[in-house]
Amino acid sequence: MLRTGINHLTKKIIGCAIEVHKQLGPGLLENAYEECMYYELVNSKLNTKRQVEFPVVYKDMKLETCYRVDLLVEDKVIVEIKAVNSIADLHKAQLATYMKLANIKVGLLINFNVLRLKDGIVRWIIE
């Protein structure tokens, strides 16, 4: 996908997040924001899956352990939802690892526990 296509897609996703934050505000649990984000994304005609499992592969061994991403949009963007005091480096590392293991180049980390949502968004691209 061309960079302009990804920019358009992430802009739509962020627009959905802004709508959810505008309606709910900060202070709820992550699963409430995730469910509302899913609703907004689907109503925006974006192919969206919730709690998508990806296996962990170590060398040539597929581990029984898997991990789940909160939302996968258009099979191109991982969206991780947080409701924390502040985004920590560990949250960013988690997103980067999910992207690497899933072979997804673009990720959004969205923390809804902020007064202004733009202060809670991290956009990550692996070149």
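Values quoted throughout were computed directly from the atomic coordinates according to the rules given, and no laboratory measurement underlies them. Being a predicted model, the structure only gives us computed values, none of them experimental. No Cβ is skipped: glycine too gets one built from the backbone with ideal geometry, and neighbour counts run over all protein chains shown.
If you line up the long axis of helix 30-43 against the longest principal axis of the chain, both from Cα atoms, how many degrees apart are they, to the nearest 10?
With both axes taken from Cα atoms, the answer is about 90 degrees.
Tell me, what ³J(HN,Hα) does each residue in the range 60-74 have, in order and in whole Hz, if you take phi through Karplus 6.51 cos²θ - 1.76 cosθ + 1.60 with θ = phi - 60° and put x for Gly and Pro?
Each residue of the range 60-74 in turn: 9, 10, 8, 6, 5, 5, 9, 10, 10, 8, 4, 9, 10, 10, 6 Hz.
Under a crude label model (7 Å from the Cα following the beta-carbon direction), how far is Val42 from Asp75 in nanometres?
Reported label-point gap for Val42 and Asp75 is 2.0 nm.
Which order results if Val57, Val77, Val52, Val84 are arranged by neighbouring Cβ count within 10 Å, fewest first?
Going from sparsest to densest Cβ surroundings: Val57, Val84, Val52, Val77.
Which whole-Hz couplings ³J(HN,Hα) result when phi for each residue of the range 111-127 is put into the Karplus expression 6.51 cos²θ - 1.76 cosθ + 1.60, θ = phi - 60°, listed in order with x for Gly and Pro?
Rounded to whole hertz, the list is 9, 7, 8, 9, 6, 10, 4, 4, 7, x, 10, 10, 10, 10, 10, 9, 7.
Listed here are the pairs Lys59/Lys100; Lys59/Lys82; Lys22/Lys105; Lys62/Lys82; Lys11/Lys49; which of them are more than 20 Å apart at the Cα?
Pairs exceeding 20 Å: Lys59/Lys82; Lys22/Lys105; Lys62/Lys82.
Residues in the range 5-23 near a label at Lys105, defined as backbone nitrogen under 17 Å from the 7 Å Cα→Cβ point?
Once the point is set 7 Å along Cα→Cβ of Lys105, 5-11 turn out to lie under 17 Å by backbone N, inside the range 5-23.
What is the sum of charges around Ala83, taking Lys and Arg as +1, Asp and Glu as -1, for the other residues whose C-beta is under 11 Å from the C-beta of Ala83?
-1
At 37 °C and a viscosity of 0.692 mPa s, what translational diffusion coefficient does Stokes-Einstein give for the range 3-125, taking Rh as the Kirkwood radius over Cα pairs? Give it in µm²/s as a whole number.
The diffusion coefficient I find is 224 µm²/s.
Tell me the relative contact order for the chain as a rounded percent, counting alpha carbon contacts under 8 Å between residues six or more apart.
For the chain, the relative contact order is 22 percent.
For the range 18-72, what is the relative contact order in percent, using Cα pairs closer than 8 Å and at least 6 residues apart in sequence?
Across the range 18-72, relative contact order equals 28 percent.
For each of Ile14, Ile81, count neighbouring Cβ atoms within 10 Å of the residue's Cβ, then give the residues from fewest to most.
Ile14, Ile81
Could you tell me how many degrees, from 0 to 90 and to the nearest 10, lie between the Cα long axis of helix 3-24 and the main elongation axis, the longest principal axis, of the Cα atoms of the chain?
50 degrees
How would you rank Ile126, Ile104, Ile110, Ile78, going from fewest to most other Cβ atoms within 10 Å of each one's own Cβ?
By the 10 Å Cβ count, ascending, the order reads Ile126, Ile104, Ile78, Ile110.
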